[in-house]
Amino acid sequence: MSRRWITERRREPYHRMAKEQGYRSRAAFKLKQLNSRFGFLDGARYVLDMGAAPGGWLQVAREVVGDRGLVVGVDLESVKPLGLNNVMTIVGDVTDGETLKQIIRLFPGKVDVVLSDLAPNVSGVWDVDHLRQIDLSRIALMLSEKLLKPEGWFVVKVFQGFEYNMFLEEVKSTFSFVKVVKPKASRKASAEIYLVAGNLRNFRK
Ligand SMILES: C[S@@+](CC[C@H](N)C(=O)[O-])C[C@H]1O[C@@H](n2cnc3c(N)ncnc32)[C@H](O)[C@@H]1O
């Protein structure tokens, strides 16, 4: 990490706000902004957060869900405990079927919201990073189809690139409501974008 990068990051308003407001990541503000526009967390009881470390989205989801229900986070990295009894975290790789089984077992039934902020460690070779990220997003899409209630929501971060349109079509054929959004807290220069999707087209019990 260069000194210039660290200085710029510290100067960045959302980084500062995250520190001041006790959020573990600036990403927390992206989820807040998406939820204030679409309200997918409002009234939700069961929420899955994929790619949860260090825990910013978990904090925001738990704030809205409150102490009823369950918020489950999964990540390759461990998440420092939030100290709240209805937040559970799994250390695991979502490309591993065992991790997916573990997630499914934690929920007593269907889920209201599946969130995915999954992103691989970037190699710097954009096509490679983009494809890896889309692969992770496809796993999140597959799991959302399996876990969500018919009126549930799927919110996913996507790195734009040559597979993006194909992935967007896959999300559109799975959900009848799909919006593409760039929240203010997402850096303009970054190629990430968020899809907010709702209402499963083919609900399977
Ligand atoms: C942008 S960060 C998530 C930030 C988080 N939403 C927050 O607010 O704190 C992306 C996360 O995806 C996780 N990740 C990447 N590949 C993964 C995989 N195969 N299985 C589980 N987590 C993965 C990374 O470890 C990283 O913590």
Inset, instruction - With a/c under 1.5 counting as rounded, go ahead and sort region 147-202 into rounded, prolate or oblate using the C-alpha gyration tensor (a ≥ b ≥ c being the square roots of the eigenvalues; past the cut-off, prolate if a/b is larger than b/c, else oblate). - result: oblate
Inset, instruction - First select every other residue whose beta carbon is under 12 angstrom from the beta carbon of Gly66; then total the charges, Lys and Arg +1, Asp and Glu -1. - result: 0
Inset, instruction - Measure off 7 Å from each Cα along the Cα-to-Cβ vector at Val181 and Lys146, then give the distance between these two points in nanometres to one decimal. - result: 2.7
Inset, instruction - Determine the sum of side-chain charges near Pro108: Lys and Arg each +1, Asp and Glu each -1, restricted to other residues whose C-beta is under 14 angstrom from that of Pro108. - result: +4
Legend entry - Which of Phe38, Phe167 is most accessible, then next, and so on - probe 1.4 Å: Phe38, Phe167
Inset, instruction - Grab every C-alpha pair in region 97-205, bin the distances at 5 angstrom width from 0 up to the longest one, and report whole percents. - result: 2, 12, 23, 23, 19, 13, 7, 2, 0
Inset, instruction - Could you grab the Rg to Rh ratio for the chain? Cα atoms only, Kirkwood for Rh. - result: 0.94
Legend entry - Unsatisfied cross-links (Cα-Cα over 30 Å) in the set Lys19/Lys101; Lys32/Lys80; Lys30/Lys110; Lys101/Lys188; Lys149/Lys179: Lys19/Lys101; Lys101/Lys188
Inset, instruction - Set the Förster distance to 30 Å, then compute FRET efficiency between Met17 and Met166 from the Cβ-Cβ distance, nearest 0.05. - result: 0.25
Legend entry - Highest-MSF residue in the chain out of Lys149, Lys184, Lys30 [GNM, Cα springs under 10 Å]: Lys184
Legend entry - For region 18-79, accessible area per residue (1.4 Å probe, heavy atoms of protein chains only), Å²: 40
Inset, instruction - On the protein heavy atoms, probe 1.4 angstrom, tell me the percent of accessible surface of the chain carried by carbon and sulfur. - result: 50
Inset, instruction - Compare Tyr194, Tyr23, Tyr164 in a GNM of the chain, Cα atoms joined below 10 Å, and give the one with the largest fluctuation. - result: Tyr164
Inset, instruction - In debye, nearest 20, what is the charge dipole magnitude of region 25-200 about its Cα centre with +1 on Lys and Arg Cβ and -1 on Asp and Glu Cβ, if you could check? - result: 640
Legend entry - the chain - percent relative contact order, Cα under 8 Å, separation 6 or more: 17
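The values are calculated or read from the model by the stated rules, or taken from the named source; none is laboratory data. None of these values were measured; they are calculated from a predicted model. FYI the Cβ positions are ideal-geometry reconstructions off the backbone, even for glycines, and counts take in every protein chain you see. Note: areas computed on protein heavy atoms with side chains; ligands, DNA, RNA excluded. Shrake-Rupley method; radii C 1.70, N 1.55, O 1.52, S 1.80 Å.
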